[in-house]
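A short write-up of the structure that comes next.
No lab work stands behind these numbers, since they all come straight from the coordinates. Bear in mind the structure is a predicted one, so any value in this text is a computation, not a measurement. A quick note on method: Cβ atoms are made from the backbone with ideal geometry, for glycine too, and the neighbour counts reach across all protein chains shown.
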Amino acid sequence: MANHKATQKDVRQVEKRRERNRYQGKTTRNAMRDLRALTDATEAAKNLPEVLSKIDKLAKKGVIHKNKAANLKSSLTKSVAKAKKA
C-alpha cells in the first residue's frame, strides 16, 4: 500500500474510475447485445443512435480505443441495415 497521502488518494481515485469504466463498459455491451437481438427493424433503428452514443462516450473517455469504437459502430449499423432489408 502507498505511504504518501497523495498516492493513497490516487489509489482511491483510480479504483473509483475503474469501477465506473467497468459499469459503463458492461452497460454498453449489454445494449449492443440487446440491439443485435431485436428482430423489429423500426425498434432497432430507434435504439441505434442511443447505443452509438454510448460507444462514442467510451471512446472519448479512453475506456475503448477510437478504432474499436468505429468498428463496433460500423458493425451495429450494418446489422440494423440488414434487419431493415429482411
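In the chain, the DSSP-assigned H stretches of four residues or longer account for a calculated mean residue ellipticity at 222 nm of -30000 deg cm²/dmol, using -39500 (n - 2.57) per stretch and the full residue count as denominator.
Phi-derived couplings, Karplus 6.51 cos²θ - 1.76 cosθ + 1.60 at θ = phi - 60°, listed residue by residue for region 36-52: 5, 7, 5, 9, 7, 5, 5, 5, 5, 5, 6, 7, 4, x, 5, 5, 4 Hz, with x used for Gly and Pro.
Only one of (1) 8.9; (2) 12.8; (3) 6.2 was calculated from the structure for mean projected area of the Cα convex hull in nm², and its label is (3).
Placing a label point 7 Å from the Cα of residue 33 along the Cα-to-Cβ line, no residue of region 46-86 has its backbone N under 11 Å from it.
Taking all pairs of different Cα atoms in region 42-86, averaging 1/r and flipping that mean, what Kirkwood radius in angstroms comes out?
Details: mean 1/r = 0.0923 Å⁻¹.
In region 42-86 this quantity evaluates to 10.8 Å.
A straight line joining the Cα centroids of region 64-86 and region 17-49 runs 12 Å. The modelled label-to-label distance between residue 11 and residue 66, using points 7 Å beyond Cα along the C-beta direction, is 3.5 nm. Taking amide H positions as modeled 1.01 Å from N, with prolines and chain starts lacking one, the residues under 5 Å from residue 64 and 5 or more places away or on another chain are 59.
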